[in-house]
Amino acid sequence: MLTSSSQQFLDAIRSRVVIADGAMGTMIQDAAPTLDDFQGHEGCNEILNITRPELIASIHAQYLKAGAEAIETNTFGANFANLAEYQIVERVYELARAGAEVAKQVANDFSTDEKPRWVLGSLGPGTKLPSLGHEKFAVLRDAYQDAARGLIDGGADAILIETVQDLLQAKSAIIGAKRAMKETGKSLAILVSVTIETTGTMLLGSEIGAALTAISALGVDGIGLNCATGPTEMSEHLRYLSKFSKLPIVCMPNAGLPVLGAHGAHYPLTPLELGAAHAQFIREYGIGLVGGCCGTTPTHIEELAVMVAGQTLSHPATIDEPGLASLYQHQPFDQTMTYLSIGERTNANGSKAFRDAMLSENWDECIEIARSQTREGAHFLDVCVDYVGRDGVRDARELVGRLATATTLPLVLDSTEPAVLEAGLESLGGRAMINSVNYEDGDGPNSRFARIMPIVKEHGAAVVALTIDEEGQARTAETKFAIASRLIEDLTGNWGMRLVDITVDALTFPIATGQDETRRDGIETIEAIKQINAAYPGVQTTLGISNIS
C-alpha cells in the first residue's frame, strides 16, 4: 500500500492535470556556484544539496511560486555512473536523502490542505548503459536501491526514473527502487520517463512500444517522455502511449530542440509555445503530469499553469495488446495472420549445431543461428544454455547479453535453474518469457517453483506453465486440466499475474512411437487445450507441433 501522500499524488495525476517544475541544471548554471561549493567536484550538482541547500531551496521555491504542484529533487546524478566519475559512489544515499529533505521542506512551506505540493525523487540514467556492457546490472541496481532509500528517507512522495536511454538501465532502477521500498517499509508511486531521440527511437534503438511493454510489466504507476526533444517531436510517441497504456502519462519536453549560438546551446521555445503544446497534449492524449526539462524556466511553468488551469482530463479508449519485447520492439502474443512461432534452434538440448557452437564458445555462430530463425519467421526465440558440465550462469550472461542487442526478437529463457534464469533476465532490457514453471517437485517453500517465481515477479516476465505435478507429466485431459487450473489459480492469485501472461503447455509424448500407451496422448492433449481455453479466456497455449503431427 502506498503512503498517503503518494496515493494522493497518484490519484491526482489519474484524475486531473498536475503541474511539475522545469529545468534544475539550467537554474544552477545561472546561479554560478563556485568550485568550493562543489567541494572540488565541478559539475556535480548533487553536492550542492549539502553545501548550498539554500540555493537549491530557492530554485524549488521559484517553481512553486510559478504554479508548480510537484517539484523534482536535485538528485538526477545520484547514481553509480555519475558519482563514480567523481570517485564518490559511497555518497549516493547521503546526497539523495539531502536532496529530498531540501525539496520536502520547501514543498511543505507551500502546501495547503486545498493545494498540496509533492516531491518527486529524481533518478537519472548516468552514463553507463548495461545493455552495451558498460556496467553490470547488479551494480547499477544496488546503487539505485541506495539512492531510492535516500529519497524515501528524505520525504519524497514518488520516485521519478527519468531520461531513460536504455531499457535495462530502467529495469535496474525500478527493481532497485522497489527493493528500497521493501527495505524501508514505505511504498511510493514509481513513474518512468523515457527519452526518444529525433531518430524516433531511444538511444539504443528501442521503439516506444518496446519501452511500454518492458516497463509496464515491472509494475510502475506512470510512464511518459522527457528531454531530448521539444514537444513537437514527442507527439506520435505520446499518441502511442495514450492508445496502448492505461497508466497515467508524464510529459516533460525540452524548450524545443537546442540551437547552437555564440554563447552555447539555446532552447528557442517560448513559454506560450510550451503551454500551447501541453494544452493540446492534454486534450488529445490525457496527459496527467506536465512540466519541462532542459531550457525550461519558472516563466515557462508560470505560463503553462495559466494555460492548463481548469482543463479537464479525458482518457482515450485504450487497446490491450499483451506480448513480449526485445530491446527494440514489441511483439504481441496474438498474431493476426498466423500462429505465434517460437524458434527452438537456440536450445542446447534440441540443436546439435547450437550446442556445438556454445560448447566451443563460438558466440558469433550462436548469434547467426538465432538470426536465421528470424529470417524464417520466428516471433520469439527459445534460449536454453543448460548442459551438463557447463557454468549455466556464465553462459546465460554471455549469450543472452549478446542476443539482447543482436536480435530484434524477444527471448524465451528456457532453464530449470533459478540462478540461470536470473542471470539471463539481468542481461535483457526487454520483456522475456520464462520456460518453465511446474509442480514437478511440488510448490513448497524449497521447491523450484517457489524459487523461480520471485525472480519472474521482480523482472515482470511472462511464463510457460507445464502440466507436470508431483506425480509426473499428466497423460489424460482430466489431469492436464486439473494441473493447469492449479497453476493458473496460483500464478494469478498468489503472484499477481494476468491470464494473458500465462502460456500453458499441456504437453504430449510423441505419438509416432507406435507404443500403445502413447496412442491417445495427442487426443487427450487437444481436449485439454479446449477445456483450458474455455475455462480461462485470455490464457495462451503452446505445444510442440511435431509431437502430434
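The values are calculated or read from the model by the stated rules, or taken from the named source; none is laboratory data. What you see is a predicted model; the values in this text were computed from it and never measured. In this analysis, Cβ positions are derived from the backbone assuming ideal geometry, glycine residues included, and neighbour counts consider all displayed protein chains. Each accessible area value is taken on the protein alone, full model and side chains, heavy atoms only, with ligands, DNA and RNA left out. Shrake-Rupley method; radii C 1.70, N 1.55, O 1.52, S 1.80 Å.
If a paramagnetic tag sat 7 Å from the Cα of Gln7 along the Cα-Cβ line, which residues of the stretch 50-80 would have the backbone N under 13 Å from that point? Once the point is set 7 Å along Cα→Cβ of Gln7, nothing inside the stretch 50-80 turns out to lie under 13 Å by backbone N.
Arranged from highest to lowest average of other beta-carbon atoms within 10 Å per residue, in what order do the peptides 336-342, 408-414 appear?
Order by mean packing, descending: 408-414, 336-342.
If R₀ is 51 angstrom, what is the calculated FRET efficiency for the pair Arg239 and Glu417, using the beta carbon separation as r and rounding to 0.05? That gives a FRET efficiency of 0.75.
First compute the accessible area of the chain with a 1.4 Å probe, then give the percent of it belonging to carbon and sulfur atoms.
On the way: 11130 of 22220 Å².
Of all accessible area on the chain, carbon and sulfur atoms account for 50 percent.
For Glu42, the solvent-accessible surface with a 1.4 Å probe is about 140 Å², rounded to the nearest 10. The lysines within cross-link reach of Lys457, meaning a Cα-to-Cα straight distance under 30 Å and a gap of 8 or more places when in the same chain, are Lys128, Lys136, Lys171, Lys178, Lys182, Lys186, Lys243, Lys246, Lys480, Lys530. Ranked from largest to smallest solvent-accessible area, with a 1.4 Å probe on the protein heavy atoms, Arg14, Arg486, Arg117 come out as Arg14, Arg486, Arg117.
Using the rule -39500 (n - 2.57) for each DSSP H run of four or more residues, divided by the residues of the chain, the 222 nm mean residue ellipticity is -13500 deg cm²/dmol. Against the chain, whose longest principal axis comes from its Cα atoms, helix 137-153 is set at around 50 degrees. Extension gain for Thr318-Arg16 works out to 106.9 nm (0.36 nm per residue, less the C-alpha to C-alpha distance). Note on the stretch 462-549: dipole from Cβ charges, positive end direction compared against Thr541, Thr525, Trp495; the farthest Cα belongs to Thr541. R0 = 22 Å: FRET efficiency of Tyr387 with Glu365, Cβ-based, nearest 0.05? Using R0 = 22 Å, I get an efficiency of 0.90. Of [x] 24.7; [y] 28.5; [z] 27.4, which is the value of Kirkwood radius over Cα pairs in Å derived from the coordinates here? From the options [x] 24.7; [y] 28.5; [z] 27.4, the structure gives [x].
Heavy atoms of the protein chains alone define the surface here; on that basis the stretch 407-549 has 42 Å² accessible area per residue at 1.4 Å probe size.
Scaling against 2.2 N^0.38 Å puts the C-alpha radius of gyration of the stretch 197-303 at 1.08. Rounded to the nearest whole Hz, the Karplus-based 3J(HN,Hα) values (6.51 cos²θ - 1.76 cosθ + 1.60, θ = phi - 60°) of the stretch 345-353 follow the sequence 7, 9, 10, 5, 9, x, 10, 5, 4, with x at glycine and proline. The figure for Leu260 is an accessible area of roughly 150 square angstrom, using a 1.4 Å probe on the protein chains alone.
What order do you get for 515-522, 466-473 when each peptide is scored by the mean count of other beta carbon atoms within 10 Å, highest first?
Numbers: 515-522: 13.5, 466-473: 17.1.
For the peptides 515-522, 466-473, the packing ranking is 466-473, 515-522.
Computed extension length for Thr232-Gln105: 42.2 nm, one decimal, from 0.36 nm per residue of separation with the Cα-Cα distance subtracted.
When +1 charges are put on Lys and Arg Cβ atoms and -1 charges on Asp and Glu Cβ atoms, the dipole computed for the chain relative to its Cα centre reaches about 560 debye.
Taking label points 7 Å from Cα along the Cα-to-Cβ direction, Arg498 and Lys115 give a separation of 3.7 nm.
Label Thr184 and Thr198 with points 7 Å out from Cα along Cα→Cβ: what is the distance between them in nm? Here the answer is 3.9 nm between the modelled labels. Computed with a 1.4 Å probe over protein heavy atoms only, the accessible surface of the stretch 15-123 comes to 40 Å² per residue. Look at where the Cα atoms of the stretch 52-102 and of the stretch 1-41 average out, and the two centres are 8 Å apart.
What you get for the stretch 370-514, charging only the Cβ of Lys and Arg (+1) and of Asp and Glu (-1), is a dipole of about 520 debye around the Cα centre.
Arg16 sits with roughly 90 Å² accessible to a 1.4 Å probe, with DNA, RNA and ligands left out of the calculation. Over all other residues within a Cβ to Cβ distance under 13 Å of Arg375, the charged ones net out to 0, with Lys and Arg as +1 and Asp and Glu as -1.
Excluding Leu225 itself, calculate the net charge of residues whose Cβ lies under 12 Å from the Cβ of Leu225, where each Lys or Arg counts +1 and each Asp or Glu counts -1. Intermediate results must be reported in sequence, preceding the final value.
Values: positive: Arg239; negative: Glu162, Glu197, Glu233, Glu236.
It works out to a net charge of -3.
Between the listed residues Phe9, Ala512, Ala96, the Cα displaced farthest toward the positive end of the dipole of the chain, a dipole computed from Cβ unit charges relative to the Cα centre, is found at Phe9. The packing ranking, built from the mean of other Cβ atoms within 10 Å per residue, places the peptides 194-201, 369-376, 169-176, 436-443 in the order 169-176, 436-443, 194-201, 369-376, highest first. Applying 0.36 nm per residue to the separation of Gln335 and Ala482 and subtracting their alpha-carbon distance, the gain on full extension is 50.1 nm. Taking the Cα atoms only, what angle lies between the long axis of helix 53-66 and the longest principal axis of the chain, rounded to 10 degrees? Orientation of helix 53-66: about 90 degrees from the principal axis. The stretch 340-369 and the stretch 202-249 have Cα centres spaced 33 Å apart.
Percent antiparallel among DSSP beta bridges with both residues in the chain, to the nearest 5?
On the way: 9 of 55 bridges.
DSSP beta bridges in the chain are roughly 15 percent antiparallel.
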